[in-house]
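Peer 1: Structure below; questions to follow.
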Amino acid sequence: MSFRITALSMTLCACLLSHSAVAEVLLIDSINSAPINSEEGISRPTRSMTMDQVSQRFGQPSTAHSPVGDPPITRWDYPSYSVFFEYDHVLTSVLHR
């Protein structure tokens with residue numbers, strides 16, 4: 001009887017572990033398929049651009065959030081993406097989905 005319960009438990013664990021691995025791969029595939037800064041993708045600010053460079057090239061954001069934390073992180077929202085700054089330099093830009 002205990003062998004049967006152990007075998008069932010091991011089978012259930014194996015199924016659960018394989019299911020979570022598939023979910024992680026799908027998330028990574030989704031991230032990798034996002035458009036990049038190119039003619040084919042959505043043009044957006046790149047790392048290390050300054051706030052002045054971003055506003056000159058992409059215009060004023062629809063919403064500018066106040067800095068939070070230390071170091072200060074600021075978020076600017078545009079219609080299709082958000083830009084995150086540390087002090088006055090771009091950390092990253094993220095597409096809205």
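The values are calculated or read from the model by the stated rules, or taken from the named source; none is laboratory data. Note that this is a predicted model, so its numbers are computed, not measured.
Peer 1: Could you please find all residues in segment 40-97 being of a type in the set (S, T, N, Q) and assigned to a helix (DSSP H, G or I)?
Peer 2: Passing the criteria: GLN53, SER55, GLN56.
Peer 1: Quickly run through segment 32-70 and pick out the residues that are at pLDDT 95 or above and of a type in the set (S, T, N, Q).
Peer 2: Once the filter is applied, which keeps residues that are at pLDDT 95 or above and of a type in the set (S, T, N, Q), segment 32-70 yields THR50, GLN53, SER55, GLN56, GLN60, SER62, THR63, SER66.
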